[in-house]
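Q: My questions all concern the structure below.
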Amino acid sequence: MPKVFFIDNGIRNFIDNNFEITGNSLENSFFNYLNNSYRYENIHFFRTQDKKEIDFILNGMPYELKLSYNGKSLTALNYFKEKYEKV
């Protein structure tokens with residue numbers, strides 16, 4: 001299932017009725033940053049059926065955004081690395 005991002009964060013915040021910085025708003029802002037440097041066709045994400053997710057993949061490199069990090073292993077990054085490092 002594709003992800004949907006807004007080019008205008010203000011409209012995203014208005015529709016969501018939330019003007020606080022959340023994981024979704026951070027991810028949307030980062031998408032806008034990437035969208036200024038890369039063609040949107042080259043910006044990908046990764047999600048498995050059991051909900052392992054990588055926020056962004058650019059040129060085969062995974063990028064994961066976290067507002068808070070508890071020090072635990074990032075299982076989705078480890079899974080992606082094991083599955084696609086040899087490709």
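Q: Report, in deg cm²/dmol and to the nearest 500, the calculated mean residue ellipticity at 222 nm for the chain, where each DSSP H run with n ≥ 4 adds -39500 (n - 2.57) and the sum is divided by the residue count.
A: -11500 deg cm²/dmol
Q: For Kirkwood radius over Cα pairs in Å, pick the label among (1) 15.4; (2) 13.8; (3) 14.2 that corresponds to the value derived from the coordinates.
A: So the calculated entry is the one marked (3).
Q: Give the aspartates and glutamates reachable from K52 as a straight Cα distance under 20 Å; neighbours fewer than 8 places away on the same chain don't count.
A: Leaving aside aspartates and glutamates fewer than 8 places away in the same chain, those within reach of K52 are E27, E64, E82, E85.
Any read-out appearing in this document is the output of simple, stated calculations on the displayed coordinates, not a laboratory observation. This one's a predicted model, so the numbers in the text were calculated from it and none came from an experiment.
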